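Derivation of every value follows stated rules applied to the coordinates shown; laboratory data play no part. The structure presented is a predicted model; accordingly, all values stated were derived computationally and were not measured. All Cβ positions, even for glycine, are placed from backbone atoms using ideal geometry, and neighbour counts span all protein chains on display.
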Amino acid sequence: MNVVELKDVCKKYPSFELKNVSFSLERGKVTGFIGRNGAGKTTTIKSMLNLIHTDSGDVCYFGLPLLGNETEVKQRIGYSTGTVSWYPRKTLGEIIDVTKAFYDTWDEEACRRYMELFDLDADKKPMELSDGMKVKCNLMFALSHGAEVLILDEPTSGLDPFSRDELLNVFTTLKEHGVTILFSTHITSDLEKCADNIIYIHDGEIRADCSRSDFMKDYGQQGETLEEIFLRLEREARI
Amino acid sequence: MNALLRKEMRLSASALSYIFIIFGVLAILPGYPILCGAFFVTLGLFHSYQNARESNDILYSALLPIAKRDVVKGKFQFAIMVELAGFLVMAAITVVRMTVLDDVEAYHDNALMNANPFFLGMALVVFGIFNTVFISGFFRTAYNLSPFITYIAVAFAAIVAAEALHHIPGLEAVNAFGFDDIVLQLGLLIAGAAVYAALTYLSYRKSCRRFETIDL
């Protein structure tokens, strides 16, 4: 069953265009969203969160259009971006205390568990955290309200290999609990570890949307790794 | 208190927004352009917008499970709360000046505005100008703070006009000391409140429209 659907989403900027982006996400699957810097990953994700005003197209969650159902939809989804620091001079405890009032499904126990797992201290301020810890902090917020869909924009950027591995294991556990995950990345080893499906975007256009095995089969050549396929596709697209 | 206002107060607001409410006390000073107190209250509010921009508050708020226009609603709730707190301080000082301190000579020999209901009505007009010019100007981009410069120009034009109004022949009653012209002055206070409510409502609607169409 598809829990997220994008249909012909277009957004034109003076120097970049998102062209008829369409894809869907299946319940309980991890989808890796790949593409080089500037390919349109973040713009797509922003359009999925109504952070940008798209020129046309529809974004639906759980069969409901996002526009007009923003409050209900956002209760059920979580978002985390790389290293953005929210309220750098407030303590994490203060931010959590204010944020949880917005969620009907905020789970204190899950919050405490992820704080512990990610080694976060409620008395610390975002400005005191390293980039990797900021990523973990953002994830903690996304995971603490029982989100059914997680949209993660480069969640592994800035993480050390151990933390990245830990995080990818968290994805696998969440997937087993029926959580749908879309995460953008340009680190292909992340995809090899946990992605069921792959969406590949190039220059604002979706070039591939299929299972990881189909991606390897349809786009790969004999003996190529995912990274090699990705690099070759990018090189070919530039010619 | 709703979650939106709580977020504004605890995460987004600058401490100066609260501290500058005290500038309402300027209304006690004889021979001082007391309407500037209203301007200082809004200057405190402006600091919260600087703070919000530096702490990515707008984006954080837009990601919360609220409609996009509710981000605007939170900002207006906070502004109205601070403005009304400033108004209450000025109202309390005005009552003290008109009653307990009514025989103080310095207040009788005042070339500028007296603390009376007309002054309070004009303070509300200054707040309305802030909400219209600055807040709705801010929501054109949700990051650009330059509408505050336009606000300074408009607010000071209004302040100068209000402070000097009673020097125009026939308009002395707006600044009359004591209770002789209280009906007229209370009428002007009500008119000021109506202007504030109308400007704030229209600005809120405009800000929502603008915020819906911008990219974060």
Relative to the longest principal axis of chain B, what angle (0 to 90°, nearest 10) does the C-alpha long axis of helix B:68-98 take?
20 degrees
Dipole magnitude of the stretch B:3-213 about its Cα centre, charges +1 at Lys/Arg Cβ and -1 at Asp/Glu Cβ only, in debye to the nearest 20?
1460 debye
Using only Cα positions of the protein assembly as shown, each an equal point scatterer, no hydration layer, compute I(q)/I(0) via Debye at q = 0.07, 0.10 Å⁻¹ and quote the log10 values to two decimals.
-0.46, -0.78
Between 0 and 90°, nearest 10: helix B:117-129 axis offset from chain B longest Cα axis:
20 degrees
Share antiparallel - DSSP beta bridges, the protein assembly as shown, percent rounded to 5
50 percent
Listed residues B:L216, A:C10, A:Y79: farthest to the positive end of the dipole of the protein assembly as shown (Cβ charges):
A:C10
Give the residue list of chymotrypsin sites (Phe, Trp or Tyr not before Pro) in the stretch B:170-216 that are DSSP loop and have at most 14 other beta-carbon atoms within 10 angstrom.
B:F179
Considering every Cα-Cα pair within the stretch A:149-239, what fraction, in whole percent, is farther apart than 15 Å?
62 percent
Per the charge dipole of the stretch B:3-213 (beta-carbon charges, Lys/Arg positive, Asp/Glu negative, Cα centre), the residue among B:M122, B:A158, B:V195 reaching farthest to the positive end is B:V195
What's the center-to-center distance, using Cα atoms, between the stretch B:83-97 and the stretch B:1-77 in Å?
18 Å
Unit charges on C-beta of K, R, D, E only; dipole of the stretch A:94-216, Debye:
80 debye
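About its Cα centre, how strong a charge dipole does chain A have in debye, to the nearest 20, once Lys and Arg get +1 and Asp and Glu get -1 at the Cβ? Don't jump to the answer; show the numbers that get you there.
Working: 29 positive and 40 negative charges, 95 e Å.
The calculation lands at about 460 debye.
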Cut-off is 10 Å between beta-carbons; in what order do A:H145, A:H186 appear when sorted fewest neighbours first?
A:H186, A:H145
Once the Cα atoms of helix B:36-54 and of chain B are each reduced to a long axis, what angle between those two axes, in degrees from 0 to 90 to the nearest 10, is obtained?
10 degrees
Coarse-grained scattering of chain A at q = 0.18 Å⁻¹, given as base-10 log I(q)/I(0) from a Debye sum over alpha-carbon atoms
-1.46
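For the stretch B:50-191, report the % of Cα-Cα distances exceeding 21 Å.
53 percent
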Peptide-level mean, for B:76-85, of C-beta atoms on other protein chains within 10 Å:
0
How do A:S15, B:S17 line up, fewest other C-beta atoms within 10 Å first?
A:S15, B:S17
Determine the shielding of peptide B:64-70 by partner chains: average, over its residues, the number of Cβ atoms on other chains within 10 angstrom of each Cβ.
6
Among A:L117, B:L4, A:T44, which residue has its Cα positioned farthest towards the positive end of the charge dipole of the protein assembly as shown, with +1 placed on the Cβ of Lys and Arg, -1 on the Cβ of Asp and Glu, and the dipole taken about the Cα centre?
A:T44
The stretch A:35-145: C-alpha gyration tensor shape, a/c 1.5 cut-off, then a/b vs b/c:
oblate
Classify the stretch B:1-87 as rounded, prolate or oblate, taking a ≥ b ≥ c as the square roots of the eigenvalues of its Cα gyration tensor: rounded when a/c is under 1.5, otherwise prolate if a/b is larger than b/c and oblate if not.
prolate
Between the stretch B:124-151 and the stretch A:152-171, what is the C-alpha centre distance in whole Å?
42 Å
Antiparallel %, DSSP beta bridges [both residues in chain A], to 5
50 percent
